[in-house]
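Colleague: Here's a structure for you.
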Ligand code: URA
């Protein structure tokens, strides 16, 4: 692809991460969850942090929230999950799924930055408070950010609700679908139902 070999750049980021011991989460994790998908993806999702299932399997969004994210991508957007890239703000599971702490976010930041620079997607989606706030460099609440396009290093960013939130609040799915329609239009892809 133009701009160099995305897969090779991504592999270099993973190698740099190594057996990361840069923050306290190293002590409690089973597996580093780097994120996965197509290095040539035009669309990249950024979530919060691995949960128990992700920590077990070493893959992002493979638990219940992950199944809902898969449905949003495949049943809703009519894209293949394997064609997008999915990563998290934190690569290691916080104990008891507590929120990420500021120093953990800072320690992990260079790796998500490097992943985005390696992939250079056409559109980024920030999932929930942590994904959205990281990409947009803001502390604004997700309720205010959701649905409002921003940008990260020149790449359009759509902040939307986290799938784990949608599992508790199905009414939010309508808003997420509105946001994904905007994403599809930005990508020049067909919008199902239109
Ligand atoms: N929630 C996230 O934010 N990321 C995952 O990978 C799984 C659940």
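Where a number appears in this text, it was derived from the coordinates with a stated rule and is not lab data. The structure displayed is predicted, hence computed values, not measured ones. Here the Cβ is made from the backbone with ideal geometry for all residues, glycine too, and neighbour counts use every protein chain on show.
Colleague: Being more than 11 Å from the ligand (Cβ to nearest atom) and out of contact with any helix residue (DSSP H, G or I) (no Cβ under 7 Å at 6 or more places or on another chain): is that true of residue 49 here?
Modeller: no
Colleague: Another question, then. Check residue 59 against each of (1) within 15 Å of the ligand (Cβ to nearest atom); (2) loosely packed, with under 15 Cβ neighbours inside 10 Å; (3) more than 16 Å from residue 131 (Cβ to Cβ) and name the one condition it does not meet.
Modeller: (2)
Colleague: Now for a different question. Go through 93, 98 for me and flag whichever is surrounded by fewer than 15 Cβ atoms within 10 Å (Cβ to Cβ), within 16 Å of the ligand (Cβ to nearest atom) and farther than 21 Å from residue 160 by Cβ. So that I can check it myself, show each step before the final result.
Modeller: Numbers: 93 fails: surrounded by fewer than 15 Cβ atoms within 10 Å (Cβ to Cβ).
Only one candidate qualifies: 98.
Colleague: Now a separate question. Mind counting the residues in the range 14-54 that are part of a helix (DSSP H, G or I) and surrounded by fewer than 20 Cβ atoms within 10 Å (Cβ to Cβ)?
Modeller: We begin by selecting, within the range 14-54, every residue part of a helix (DSSP H, G or I); these are 14-17, 24-27, 52-54.
Okay, now just the ones that are also surrounded by fewer than 20 Cβ atoms within 10 Å (Cβ to Cβ), so 14-17, 24, 26-27, 52-53.
Final tally of qualifying residues: 9.
Colleague: Scanning for something in contact with a strand residue (DSSP E or B) (Cβ under 8 Å, 6 or more places away or on another chain) and free of Cβ contacts under 8 Å to residues at least 40 places away in the same chain, does the range 55-66 turn up at least one residue?
Modeller: yes
Colleague: Can you name the number of the only condition in (1) surrounded by fewer than 21 Cβ atoms within 10 Å (Cβ to Cβ); (2) over 24 Å from residue 52 (Cα atoms); (3) touching a strand residue (DSSP E or B) at 6+ places or on another chain (Cβ under 9 Å) that residue 133 fails?
Modeller: Just one mismatch for residue 133, condition (2).
Colleague: Moving to a separate point now. Applying the selection to the range 62-83, what residues are closer than 21 Å to residue 142 by Cβ, more than 12 Å from the ligand (Cβ to nearest atom) and assigned to a loop (DSSP other than H, G, I, E, B)?
Modeller: Across the range 62-83, the qualifying residue is only 77.
Colleague: If you don't mind, there's one more thing I want to ask. If only one of 118, 114, 139 is away from the ligand (no atom under 12 Å from the Cβ) and either surrounded by fewer than 17 Cβ atoms within 10 Å (Cβ to Cβ) or part of a strand (DSSP E or B) (or both), which one is it?
Modeller: Answer to the check: 139.
Colleague: If you take the residues in the range 142-163 that are in contact (Cβ under 8 Å) with a residue 24 or more places away in the chain and not in a loop (DSSP other than H, G, I, E, B), which one is farthest from residue 109 (Cα to Cα)?
Modeller: 163
Colleague: In the set 173, 181, 129, which member is without any contact (Cβ under 8 Å) to a residue 12 or more places away in the chain and either within 16 Å of the ligand (Cβ to nearest atom) or in a helix (DSSP H, G or I) (or both)?
Modeller: Details: 181 fails: without any contact (Cβ under 8 Å) to a residue 12 or more places away in the chain; 129 fails: without any contact (Cβ under 8 Å) to a residue 12 or more places away in the chain.
Testing whether each residue is without any contact (Cβ under 8 Å) to a residue 12 or more places away in the chain and either within 16 Å of the ligand (Cβ to nearest atom) or in a helix (DSSP H, G or I) (or both) leaves just 173.
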